[in-house]
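Input: a single structure, listed below in structure tokens.
Quick note: the coordinates plus some simple rules give every number you see, no bench work behind them. These numbers were taken from a predicted model, which means no experiment stands behind them. Every residue, glycine as well, gets a Cβ built from its backbone with ideal geometry; the counts of neighbours run over all protein chains shown.
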Amino acid sequence: MSTREPLNTWLVGDDAPEREPDSQAQGTVATGTAPGQDASGAVADAPVEEAVLPAAAPDPETTPWTGPGAWVFPAVVLAFGLVALWGAATITAPDPTPPGPGFFPGVIGGLLVAVAVGMGVVNVRTARREKQALAEGRPGVSAKIPATEWSPVLIIALTLAAHIALLDFLGWILAGSMLFWGVAYAFGARHYLRDAIVALAMASAIQVGFSMGLGLTLPGGLVELIF
Amino acid sequence: MKGRARMAGPNGRLLGAVGGAVAVVLLATAVVDVRESAASGTGAGAKVILVAPAAPGGGWDMLARELQNGLRDEELRYNVQVTNVAGAGGTIGLRQTANREGQANVLTMTGLGMVGAVETTNSTATMDDVTPIAQLASEYGVVVVPADSPYETVDDFVQAWREQEETLPVAGGSMGGVDQIFAGLTAAEAGVDPGSMNYLPYSGGGEVLTSLLSNTSQAGFGTLGDFRDQLDGGPIRALGVSAPERIEGFEDIPTLTEQGYDVELANWRGVIAPPGLAEEEIDELSALVAEIVESPSWADTLERNRWTDTYQPRAEFESFLDEEIVLTREIVKELGF
Amino acid sequence: MESLSLLLDGFAGALTFENLMWALLGVLLGTAVGVLPGMGSAMAVALLLPVTFRMDPTSAFILFAGVYYGGMFGGSTTSILLNTPGQASSIATTYEGHKMALNGRGPQALGTAAIGSFVGGIIATFLVAMFAPAMVRLALQFGPGEYFALTVFSFVAVAAVVSNSVLRGISSLLIGLAIGLVGIDSQSGAQRFDFGIPNMLDGIDIVVITVGLLALGEVLYVASRRSSGPDLSAIRSGTPWLGRRDFARSWKPWLRGTAMGSAFGPIPGSGAEIPTFLSLGLERRLAKRRAARGKGVDEFGSGAIEGVAGPESANNSSAAGTLVPLLGLGLPTSATAAIMLAAFQQYGMQPGPVLFERNADLVWTLLASLMIGTVLLLVINLPFAPLWAKLLRLPKPYLYAGITMCSVLAVYAINASVFHLVLLLLVSALGFAMRKFGVPVAPALIGVVLGPIAETELRRALAASSGDPSILVGSGISIALYTLVVLSVVVPLGIRIWRGRRAVQAAPIRTDEQVNG
């Protein structure tokens, strides 16, 4: 990016690949995540300029989508758009003043569909370039989205689902402990008994803090019946 | 506590033991708490759950907290808990109350707003699904204009309203709420089609006030409580109140009726209980409410919130409720829902 | 100055040992409630209300003041450390704050937040004390037309936190806007996208969105990269205090944030979130300009302290600003303010134009209480910042399990309903997908928060004018705001395109996929 722009360009944002290697922790960062954040580098008050960083991980926000997975997010966006458009067409209001309740859904839905199409176009172009590069014997798109380990994600999702389904029946103490234990397990905790004790303690602490301390009811569930 | 069992180093065993002990203490306390919360004692120790079908800060929440305070002050019940179940004009709370079949220790706040919301949100839970207990207090509606408005009386305003039936902006609370019902009734009485009036909904009385003061709307509909602090020499004037007679403390505001518009509307609030209760259980709840209403702390509550005492015991409340439902259904239809 | 001596009288009334204890209690409770996601300060104040019926007014005010500011501040702690803003006004702090924490600069982020809150709170409270009537007059200039202009301006200002990829950033913003459409349409009463579920009629609660997209989405994403993801426990926190350089970089953002919050906080209905976003956008712009001039580094995107200092001071000064309509008009602009209004009334205080004449002693005591609360907040929280930051050094499984548990609890606390938890699961899945595919989450949150305000105000303006669009540019305020919008978007965009062309001709460095992603 030009370093002499008088005003910055809000809408366009800056392109990470061109960012000046200015500070610690460069080469991050997608909003809200810390992909590629290396734990060793980027220590707080280390002399900034000397912090030796391993090759910066690619910015996931500018990593192109490849393969069949490339179509997942455009499909999500398209789905949102279609639902919004469907709503725009079907919402009725008693007395619609000029822009009625369907106006904004229509605009947003239309834009969503347009963005989905745009993403599709980019996908097609990326795929074409990739093919061309392979044909010419060059490496294709250099950065790829890191592979996903599905098993911990599924364990967490299932634990959450089970927690939600059983919350009223088991009560907070038991369901909450189960949630804590399950997530800890997904993250690799293997001291089963210790984990369970910590989980029970945490759930109990929340029960005490919220219910006893603040008067917010948490479901008692089985515990109510047993004791 | 999370960190207690963290390290398995040389001190691991000791730490583990301490952590375990802490865990046991916490667990025991928590179980005791669960037991407490579930406890259904007897007499003054019996637990009462007050459901406010709105978020903290609204009229129902206030009513619930005042009742809680009253029950404790008068030493009628010690274990009183307020639960906020906000959503969809109170119908989420209504639905939840209807689902608590047979629970004799629940009182849910209700009011005209809920009756209206049942109609406008096409709620599947209705007032027929619950047990009415009592009506407690009311606030009357008031029509206000900015202090520099050309309208001096309701007649002035109505004349302008008739001329600009579809364009004259009037402000009030959310769509389908008490304020819109009030505006609709007034419009109908003034010869303006309630369905085509230009009603600007706001999320509360405070915002209606800003709407008036920023000249966005020409008149505001709300309850006296929303505007009372701004009336006395303040930035707005009241044209009329929807009470049967002039309100104590606001004697200089004429009623709508005396100005020739037959609009009498009270934003009443009351309490309902879950369905499926035995007759003696209903009697007990009614007696409890009756006791509060007669207490000095309740008088204080009415005074503090400037609510008008319109207490109706169960039988009276039931027939009143039926009338209100019919009336509301009519006006909601005219408003175009 | 007369006001000043009255304020000193207020201090004299408020500064007793008993009152300080109440302030302490309020600050602790407020911070605790702010830290627990989902428990807003409205809830805390509502719980306290019955207690205060038996207290004398001064003590009650002090207690409330502590809870109010404490809650505002407490929200920043979870935003920074756990990426979980408990309320909309803490969202802006999250972006840079959490990145600072990941870089081991958690204590500094918390420190600058604490001092920023203090600076914002003190200055804004002081401004309220001195200029409330004038501020009320200004705030009343804002009709729906001006309001809509302000939201457009905010959208443009916060586009700074949009992403490196235009297409993905916009898709995220649009998804946020779409989620914001759910629920009863406030202007017509029509039911939109409720899919026949009564619980959806009031829309999807902001807590579900923030907790799902930010906290749980992150938990799932980190889990999916178990072997390659960041290990928070390995982060070494450096010095636990704000260094001289941090101070040097923070003090201007504190003041600028305070100015934003004090200017926009008093406008009824705007809430605290608009100034925080504006401040974040401003700081980012300024950092870029500084970097361009070679006078500093632009750390935005990787944990810039300015991005925490600005929004946090804006947040607290805007919280003080909401007192302007409350005291000057008797107009509560937030749920917390509504409950506080009820509390004032029980002491015979009559908020409104004549308040400063009729109940002068109470008002000055209240303002003094607010300042005392702010000071205590700083005194209590600054030393704890390094301690809090250690939270991140818990073993990873327990840390993330704890985050998950708190997230679920936060959402359950909204309405004690399991339905919201189901929604949370869906939103978390969306948050996970967005992270996995490198789609930024920040724009979605902005869309959810600002979208409904923009729609309501636009349609309200057009309804008030019976469809005449000239109301949108009907005042100096809106024209000025739109001029700023044009200057800040169109001009740089034009320059960029022009430069881009020249750059492409000279040396094509940029490839399509980097621009369009």
Mean projected area, convex hull of alpha-carbon positions in region B:179-296, reported to one decimal in nm², is 10.6 nm²
Karplus ³J(HN,Hα) for region B:153-162 (6.51 cos²θ - 1.76 cosθ + 1.60, θ = phi - 60°; Hz, whole; x = Gly/Pro) runs 10, 4, 4, 3, 5, 4, 4, 5, 5, 5
Correct semi-axes for chain B, from √(5λ) of the alpha-carbon gyration tensor and rounded to whole Å with the largest first, are 45, 24, 19
Ranked on Cβ counts within 10 Å of their own Cβ, fewest leading, B:Thr257, A:Thr62 go B:Thr257, A:Thr62
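Could you please report the charge total around B:Asn79, scoring K, R as +1 and D, E as -1 over all other residues with beta-carbon less than 11 angstrom from its beta-carbon?
+2
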The helix B:279-293 Cα axis meets the longest alpha-carbon principal axis of chain B at an angle in degrees, between 0 and 90 and rounded to 10, of 70 degrees
Averaged over the residues of C:417-430, the number of partner chain Cβ atoms within 10 Å of each residue's own Cβ comes to 3
For peptide B:75-82, the mean count of other chain Cβ atoms within 10 Å per residue Cβ is 1
Between the alpha carbon centres of region B:290-336 and region A:179-220 the gap in Å comes to 44 Å
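Run the helix sum for chain B: -39,500 (n - 2.57) per DSSP H stretch of 4+ residues, divided by residue count, reported at 222 nm to the nearest 500 deg cm²/dmol.
Taken over chain B, the calculation gives -14000 deg cm²/dmol.
Could you work out, residue by residue across C:434-446, how many beta carbons of other chains sit within 10 Å of that residue's beta carbon, and then give the average as an integer?
That average works out to 6.
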Among B:Val158, B:Val25, B:Val170, the residue with the largest mean-square fluctuation in a Gaussian network model of chain B built from Cα contacts under 10 Å is B:Val25
XL table C:Lys252/C:Lys436; C:Lys252/C:Lys396; A:Lys131/C:Lys288; A:Lys131/C:Lys436; C:Lys99/C:Lys252; Cα-Cα > 32 Å flagged, in table order, is C:Lys252/C:Lys436; C:Lys252/C:Lys396; A:Lys131/C:Lys288
About its Cα centre, chain B carries a charge dipole, from +1 on Lys and Arg Cβ atoms and -1 on Asp and Glu Cβ atoms, whose size in debye to the nearest 20 is 2720 debye
